[in-house]
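Before any comments, here is the structure.
Read-outs: derived from the displayed coordinates by stated rules, not from any lab. Here the structure is a predicted model, which is why all the values come from computation and not from measurement. Methodologically, a virtual Cβ is constructed for each residue, glycine included, from the backbone with ideal geometry; neighbour enumeration extends over all protein chains shown.
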């Protein structure tokens, strides 16, 4: 079973490295969005911890029922991994400023574009939609002003202006972010089966009939979450001085983060050595 005390130590350090940026002014305004994604990751990690404590439902009457919701944990774990990959590609990866500008503007456009040509049912939202149209126009201009955009194929130019990402191999993304690509890609695909509700996810849920098996399944997902939290902690400490200080103030948790981060990059070797 997982050591939940270790999970809480990493969770606590995740909180403190993100909070260390509060009130800090950065010349590059794009980096303020980093903490928004960090809060998303933190929120997911909190939910996973409480789901690990068990879920209660008020039925059947009169006493209700309790179980361990491993399916929800799987869904949230994949979101944690995806959130960190996005953070890495936007803020932590070593790239040119032009590339960062392109990625950041595309990331914002990918979300806002759903409001384009949208007529809200509630008139109170008209101003919000109108402001979004202005933002969308500016984001497209930002994208078109980059060298990265100018070197794209016509097909990909059209894609990005529609708010769609330029396709990137998952294995490449994972490797650049410091994960063992082969093993982590399999983990990602496995977690995705719960997102898409494929046959494997349904079969496995029906196989988890005992409390022990349900807890063990969640513990596996929590291990992945601990690895991702550790990656984020180290990335923050390398990029932000205030986050580095927060890590130095919590040496035991920081050492734990280093250990889990190293595991992330060595998973392929560990798996190969056991074959």
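Observations on the model:
- One way to sum up the overall shape of segment 1-120 is the equivalent ellipsoid from its Cα gyration tensor, whose semi-axes run 34, 21, 13 Å, largest first.
- For 153, 79, order by how many other beta-carbon atoms lie within 10 Å, fewest first: 153, 79
- Residues of segment 194-234 falling in the label zone of residue 57, defined by backbone nitrogen less than 17 Å from a point 7 Å along Cα to beta-carbon, are 202-211, 214-215.
- Inter-probe distance in nm under a simple model that places probes 7 Å from Cα toward Cβ, at residue 114 and residue 198: 2.3
- Rg and Dmax [Cα atoms of the chain; Å; Rg one decimal, Dmax integer]: 20.9, 65
- Annotation: peptides 82-88, 247-253, ranked by per-residue average of other Cβ atoms within 10 Å with the highest first, follow the order 82-88, 247-253.
- Computed from Cα positions, the angle between helix 97-112 and the longest principal axis of the chain comes to roughly 70 degrees.
- Compactness relative to 2.2 N^0.38 Å, alpha carbon Rg of segment 115-229: 1.58
- Along principal axes, Cα extents of segment 94-170, largest first, whole Å: 42, 23, 21
- Rounded to 10°, Cα long-axis angle of helix 126-144 versus longest principal axis of the chain: 80
- Degrees between helix 32-52 axis and first principal axis of the chain (Cα, 0 to 90, nearest 10): 20
- Point-to-point label distance, residue 169-residue 212, nm (Cα→Cβ direction, 7 Å offset): 4.3
- Most mobile of 217, 131, 258 in a GNM of the chain (Cα contacts under 10 Å): 131
- Gain on full stretching of the segment that runs from residue 258 to residue 128 - 0.36 nm per residue minus C-alpha separation: 42.5 nm
- Estimated from helices alone, the mean residue ellipticity of the chain at 222 nm is -23000 deg cm²/dmol (sum of -39500 (n - 2.57) over DSSP H runs with n ≥ 4, per residue).
- Here each label is just a point 7 Å from Cα along the line to Cβ, and for residue 269 and residue 33 those points are 3.5 nm apart.
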